[in-house]
Amino acid sequence: TRLLALGRRDYLELLSGHPCWRDAARKLADMLFIAQEKRGLELLTCDAEERYRRFLLDYPGLEGRINQYCIASYLGISPESLSRIRRNRSAS
């Protein structure tokens, strides 16, 4: 993986250089906005078990790569609640 980091001035210069960069930045901003709205809606309308189920569907394989504390934080619950949810799922 290669990561390109730009300062704000360089980023704005890049956007003003060619319309394709403005289009790409707009599409990325749209995608981020939609993802943020979806996440906010899930936090308001779904219980913790449903949020965990959706996390597993949206990010397959990620659960084994990051710690439980981070997942619980993302879901807006305590690590203990996440342990309970995981235990209940494995018992089913």
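The values are calculated or read from the model by the stated rules, or taken from the named source; none is laboratory data. Model, not experiment: these values are computed from the prediction. Because the Cβ atoms are built from the backbone with ideal geometry, glycine has one as well, and the counts that use them run over all protein chains shown. Side chains included, ligands, DNA and RNA excluded: accessible areas come from the protein's heavy atoms. Shrake-Rupley method; radii C 1.70, N 1.55, O 1.52, S 1.80 Å.
Observations on the structure shown:
- Condition check for LEU43 on (1) under 25 Å from GLU80 (Cα atoms); (2) open to solvent by 100 Å² or more (accessible area, probe 1.4 Å): one failure, at (2).
- Checking each residue in segment 70-88 for being touching an Asp or Glu at 6+ places or on another chain (Cβ under 8 Å) and open to solvent by 90 Å² or more (accessible area, probe 1.4 Å) picks out no residue at all.
- Hits in segment 56-69 (condition: assigned to a loop (DSSP other than H, G, I, E, B) and either touching a residue at least 60 places away in the same chain (Cβ under 8 Å) or exposed (fewer than 11 other Cβ atoms within 10 Å of the Cβ) (or both)): PRO60, GLY61, GLY64, ARG65, ASN67
- Some residue of segment 15-36 being open to solvent by 60 Å² or more (accessible area, probe 1.4 Å) and either among the hydroxyl-bearing types (Ser, Thr, Tyr) or assigned to a loop (DSSP other than H, G, I, E, B) (or both): yes
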